[in-house]
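Undergrad: Let me begin by handing over the structure; questions about it come next.
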Amino acid sequence: MASPTAPIPHRPIESHLASIENLLREVIRAGKFELSFTVHKSGAEPADFEAPEFIVEFTGPDSDLLLEKNGAVLDALESVILKAVRLDEELFGKIAFDCKDWRRLRAEELRMIAQMAAERVLETGDPFALNPMTPRERRIVHLVLRDLPNVRTESEGKGSDRRVVIHPASPPARRR
């Protein structure tokens with residue numbers, strides 16, 4: 001018999017896909033959205049451990065609604081659905097909701113922003129705070145800059161105001 005403190009094994013992401021699809025159909029029907037979706041393997045390289053395994057891709061006349069305010073509705077829908085099907089939080093990164101290639105384009109934008117902000121920090125020696133971001137977006141910034149030896153990143157703030165701050169790796173030398 002397993003000990004009461006033994007961790008419960010996580011179900012694989014594939015075991016949640018049918019529940020995700022069923023709940024999405026119900027939300028789309030109840031909300032009278034003109035949306036359809038497909039769930040497919042991401043096609044990411046197996047070595048790319050940061051990429052999701054599955055993509056839920058939305059199409060249809062109401063697609064633009066999902067992308068308003070920097071994809072806030074898409075992010076909210078993803079969060080609510082994944083929590084409602086009781087997906088283990090460790091698996092949240094294994095499935096991503098997308099529409100009109102938003103996630104890929106946003107990731108590219110975040111990579112450029114992170115690199116430009118790091119250059120600014122290196123030029124000025126001053127920390128630079130980015131705008132508030134979702135956990136997934138903050139993770140992208142942290143990963144983009146993790147191998148740069150002259151800067152370090154940290155997340156600051158709470159809730160929807162949480163942001164990445166980029167700092168010089170070491171404090172500037174004091175002038176005498």
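Undergrad: How large is ³J(HN,Hα), in whole Hz, for each residue of the stretch 27-34 in order, when computed from phi with the Karplus curve 6.51 cos²θ - 1.76 cosθ + 1.60 and θ = phi - 60°, using x for Gly and Pro?
TA: Karplus-based 3J(HN,Hα) across the stretch 27-34 equals 5, 5, 5, 5, x, 6, 7, 9 Hz.
Undergrad: Right, another one. If you line up the long axis of helix 135-145 against the longest principal axis of the chain, both from Cα atoms, how many degrees apart are they, to the nearest 10?
TA: Approximately 40 degrees, to the nearest ten.
Undergrad: Please give the per residue accessible area of the chain, computed with a probe of 1.4 Å over protein heavy atoms only, in Å².
TA: Details: 11720 Å² over 176 residues.
Per-residue value: 67 Å².
Undergrad: Hey, how much of the P(r) for the stretch 14-103 falls beyond 23 Å, as a percent of Cα pairs? All intermediate terms of the calculation are to be shown ahead of the outcome.
TA: Numbers: 740 of 4005 pairs.
Across the stretch 14-103, Cα pairs with separations above 23 Å total 18 percent.
Undergrad: Using only Cα atoms, what is the ratio of the radius of gyration of the stretch 80-139 to 2.2 N^0.38 Å? Walk me through the numbers before you get to the answer.
TA: On the way: Rg = 15.2 Å, N = 60, 2.2 N^0.38 = 10.4 Å.
Working it through for the stretch 80-139, the quotient is 1.46.
Undergrad: Relative to the Cα centre, what is the charge dipole magnitude of the chain, using +1 at the beta carbon of each Lys and Arg, -1 at the beta carbon of each Asp and Glu, and rounding to the nearest 20 debye? Can you show the working numbers first?
TA: Details: 26 positive and 29 negative charges, 141 e Å.
The dipole of the chain has a size of about 680 debye.
Undergrad: Looking only at 77, 148, 66, which one moves most when the chain is put into a Gaussian network model with springs between Cα atoms under 10 Å?
TA: 148
Undergrad: What are the ³J(HN,Hα) values, in whole Hz, obtained from phi via the Karplus relation 6.51 cos²θ - 1.76 cosθ + 1.60 with θ = phi - 60°, for each residue of the stretch 152-165 in sequence order, with x given for Gly and Pro?
TA: Each residue's phi maps through the Karplus curve to give 9, 10, 8, 8, 10, x, 10, x, 6, 9, 6, 9, 8, 10 Hz.
Undergrad: Can you give the Rg to Rh ratio of the chain, both from alpha-carbon atoms, with Rh computed by the Kirkwood formula? Let's see the in-between values first.
TA: Working: Rg = 19.4 Å, Rh = 18.4 Å.
Result: Rg/Rh = 1.05.
Undergrad: Also, quick follow-up: Considering amide H positions built from the backbone, and no H for Pro or chain starts, which residues 5 or more places from residue 97, or on another chain, come under 5 Å of its amide H?
TA: 56
Undergrad: Of the heavy-atom accessible surface of the stretch 86-176 (probe 1.4 angstrom), what whole percent is carbon and sulfur?
TA: Numbers: 3020 of 6150 Å².
Here it works out to 49 percent.
The values are calculated or read from the model by the stated rules, or taken from the named source; none is laboratory data. A quick note: this is a predicted structure, and the numbers were derived from the prediction, not measured. Backbone-built Cβ (ideal geometry, glycine too); neighbour counts: all protein chains shown. We work out accessible area using only protein heavy atoms, side chains counted, and drop any ligands, DNA or RNA first. Shrake-Rupley method; radii C 1.70, N 1.55, O 1.52, S 1.80 Å.
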